[in-house]
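Heads up, the thing below is written out as C-alpha cells.
The values are calculated or read from the model by the stated rules, or taken from the named source; none is laboratory data. Quantities reported herein were computed from a predicted structural model and do not represent experimental measurements. Cβ atoms come from the backbone with ideal geometry, glycine included; neighbour counts cover every protein chain shown. Protein only, heavy atoms only, side chains kept; ligands, DNA and RNA dropped before computing areas. Shrake-Rupley method; radii C 1.70, N 1.55, O 1.52, S 1.80 Å.
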Amino acid sequence: MKKILSLIMVLTMVLALAACGGSSAPAATTAPAATEAAAPAADVPAGLEDGVLTIAMECAYAPYNWTQSDDSNGAVPIANVPGSYANGYDVMIGKKIAEANDWELEVIQSDWDSLVPGVQTGTFDAVIAGQSMTAERSEQVDFAGPYFYATIVCVTKADGKFANAASIADLAGGTCTAQIATIWYDQCLPQIEDAKIQTAAETAPAMLMALETDTVDFICTDMPTAQGAVAAYPDLKILDFSGTDGDFQFSDEVRAENVNIGVSVMKGNTPLKDKIDAVLSTMTVDDFNDLMAYAISIQPLSE
C-alpha cells in the first residue's frame, strides 16, 4: 500500500510540473504578438494616428475658402467656431484628400499670419488656404501640390479711371493695396511707377472693401480671388496683363513659385506630403479649373 501511495504521489508531482510548463509556453509566444498589434501602422503620417486630418484656413478668402451659417453645398463645420461652416475650393480639395485616405476632415479657422506657425508647431496637420509655394515659405514648411495654378492680376472699378489699362504702365500714379505678406504687395505693386501704395490689407475681404469704398483705385491679387470678387461685386473689373510685355516682371522661377498654390505640411512630414501628392496627382489642370469655377458659382455674395 505504501508503495502504491508513493507511486501516486510521484505521478501527481510529474503532472503538476507538466501543467506549469504548458501554461508558460503560450505566454512567451503571445507577448510579441500583442506588442505588434499595439504598434501603429508604419505608413500612418505623423499627426494622423487618430484618423483625423486637421487643416487650417482663414475661412474668409473666397473663392478659396469662406464662412457660411449652414452645411449647404457640402460645407464642413469649423471646429473652433461653433455654429459656423467652411466651404470653398480649399475645403473641396481637403475633402478629396481626406476621402481618398479614409480620414475624417476637421477644419480650423486661423488668421493668415498664423497659418505657417500653426503647421510648424503641429497645431494643424496641413494648411490648405490658397498659399503660394514661395521659396521663403518652403524654408519653413514642406509643400504638396500644386493644387491650383493662379495668374497675377489687378482689379479696379469698371467705371474707374484705370478701367481701360492695358499694362502696368497704365496704372502709374494710382492708389493701390494688396493683402499682407503676399507677392502682390511686396513685389508687384512696387513695379508700378509712382504708385501710391497704401497699408497692406489684413484679409482679402478688407482688400476688396478698400476698392469698393474708393479708398484705393485698384488692388493686386490672383485670378481666382479676382474672379470671386467680380462675382460678388459686379461693379469691379479684372485687369489681366499676363502673357504681354506690360505684365509684372519676374524670373520664371519666382513667377512659378507665386502662381503655384500648394498644401503646406510640417517640415519633414514626408509620409503626409506623399499621401496628399498621390491624390492631387490624379487631378488635371482642367479638374482644378472646373472645381474652382464651381466654388465661385456657389460662394456667398458677401462674407
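Based on protein heavy atoms only, the chain ends up with 49 Å² per residue of surface accessible to a 1.4 Å probe.
In the stretch 168-235, one over the average inverse separation of all distinct C-alpha pairs is 11.9 Å, which is the Kirkwood hydrodynamic radius. Return, ordered by residue number, the residues of the stretch 148-181 whose backbone nitrogen is under 14 Å from a label point located 7 Å along Cα→Cβ of residue 194. Taking a point 7 Å out along Cα→Cβ of residue 194, the residues of the stretch 148-181 whose backbone N falls under 14 Å are 169-175. The Cα center of the stretch 178-238 and the Cα center of the stretch 86-152 differ in position by 22 Å.
I want the local charge near residue 165. Using Cβ-Cβ distances under 13 Å, sum +1 for each Lys or Arg and -1 for each Asp or Glu among the other residues.
Result for the neighbourhood of residue 165: -2.
Taking θ as phi - 60° and the Karplus parameters 6.51, -1.76 and 1.60, the scalar couplings of the stretch 103-114 work out to 9, 7, 9, 10, 10, 10, 7, 8, 5, 3, 6, 9 Hz in sequence order, x denoting glycine and proline.
Each Cα pair under 8 Å and six or more residues apart adds its sequence gap; the mean of these over the residue count of the chain is a relative contact order of 24 percent. Helical content alone sets the calculated 222 nm signal of the chain at -11500 deg cm²/dmol, taking -39,500 (n - 2.57) per DSSP H segment of four or more residues and averaging over every residue.
Ranked by solvent-accessible area (1.4 Å probe, protein heavy atoms only, all chains present), the residues 58, 139, 104 order from largest to smallest as 139, 104, 58.
Shown for the chain: the carbon plus sulfur share of the solvent-accessible area, taken with all protein chains present and a 1.4 angstrom probe, equals 56%.
Full extension of the chain between residue 71 and residue 99 yields a length gain of 8.3 nm, computed as 0.36 nm times the residue separation minus the alpha carbon distance. Each 5 Å bin from zero up to the one holding the largest Cα-Cα distance in the stretch 224-303 carries the following percent of pairs: 3, 11, 14, 16, 19, 18, 13, 6, 1, 0. Positive-end ranking of 54, 174, 233 along the dipole of the chain, with charges on Cβ about the Cα centre, is headed by 54. Residues whose amide H comes within less than 5 Å of that of residue 260, counting only those at least five positions distant or on another chain, are 133, 150 (H built at 1.01 Å from N in the peptide plane).
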